[in-house]
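We did not get these values from a lab; they are worked out from the coordinates using the rules stated. These numbers were taken from a predicted model, which means no experiment stands behind them. For neighbour counting, all protein chains shown are included, and Cβ atoms are generated from backbone atoms with ideal geometry for every residue, glycine included.
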Amino acid sequence: MNTVRTVAELRAELAPHRRAGRSIGLVPTMGALHAGHDALLAAARERCDVVVVSLFVNPAQFDDPADLAAYPRDEDEDAARAAAGGAHVVFAPAAAEVYPPGFTTTVSVGPIAQVLEGAARGTGHFEGVATVVLKLLNMAQPEVAFFGQKDAQQALVIRRLVRDLDVPAEIEVVPTVRETDGVALSSRNARLSAGERARALALPAALAAVRDGAAEERDTARLAERAHAAMRPFGVVPEYLALVHPETLEPLARIDGDALVAVAARIGETRLIDNTLLHLNGKVV
Ligand code: AMP
């Protein structure tokens, strides 16, 4: 496995594979790799001949400079983990390679980027995500790029971007990988103290309360109240707890079909997000 740092090196590395007709898969990450990223890599290995893992902590998508500064970085460990997972190339560009002097373009995806995380973190967040992902897709030109359901709104934003701008890549979304107690894996979990880690259970508890409640209750305000109640014993009040249409992200008054339940909460200094998809209308909840 090779680590490359420039777009020219990446293209040179991939060109022979492309000429040989091998399919290329891209797994974009911000590093601090964990089992959630491993699942994306495994999915990419299954579908594609050559897999690129990118490691880039994208300054453009951080609304909070302290959050950016605190973001965990360990390239050697990440490269070892990517190699162990069967990646062929690690792409770890410097910020100046991605945003050279004079860079001014941003990609704005519209309404689905303005609610939930977009509202909480500012419109700059998904503009930063969409811009860097479009750049990574253009740099690596993969047949398929892999994203996690853990960041459900991000996956929707990227699907929209790819559809609207005719990007010739397929987007595959991989289910959320969780710890055995239900907490979703996240690079941010490393920042939690033992006490905070215990309180992080509030997020999966809220999602479970909605999932279980949906068997008998379809009114979303009442389901949301159950979710808030499930978080209370952990001393956690969500930043948002939303029951929305799984594609438009518009709020639902009742659950009559599929729904996305999304939650964000601050545990101490650390902001965590999680979500679950509900499938109603005859399907298993
Ligand atoms: P990040 O490095 O946190 O920006 O995440 C890179 C990719 O990994 C994104 O597509 C995330 O949605 C995905 N990801 C992060 N955590 C998980 C998880 N627990 N399960 C599945 N995918 C994840």
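Any idea what angle helix 220-231 forms with the longest principal axis of the chain, computed on alpha-carbon atoms, 0 to 90 degrees, nearest 10? The two axes meet at around 80 degrees.
To the nearest ten degrees, helix 123-140 and the longest principal axis of the Cα atoms of the chain are 40 degrees apart. Along the axis of the charge dipole computed for the stretch 202-250 (Cβ charges of +1 for Lys and Arg, -1 for Asp and Glu, origin at the Cα centre), the listed residues Gly213, Val237, Leu249 are led at the positive end by Val237. Extension gain for Gln114-Glu239 works out to 43.5 nm (0.36 nm per residue, less the C-alpha to C-alpha distance). Extension gain, Ala190 to Arg163: 0.36 nm times the residue separation minus the Cα-Cα distance gives 6.2 nm. With R₀ set to 45 Å, the beta-carbon distance separating Ala69 from Arg19 gives a calculated FRET efficiency near 0.60. Specify the angular offset, from 0 to 90 degrees and rounded to the nearest 10, of the alpha carbon long axis of helix 7-19 from the longest principal axis of the alpha carbons in the chain. Roughly 80 degrees between the two axes. The charge dipole of the stretch 1-138, taken about its Cα centre with unit charges on the Cβ of Lys, Arg, Asp and Glu (plus for the first two, minus for the last two), comes to roughly 620 debye.
Summary value for the stretch 193-270: 33 percent relative contact order, contacts being C-alpha pairs under 8 angstrom separated by 6+ residues.
Which length gain, in nm to one decimal place, applies between His34 and Ala253 when the Cα-Cα distance is subtracted from 0.36 nm times their residue separation?
Contour length minus Cα-Cα distance gives 75.2 nm.
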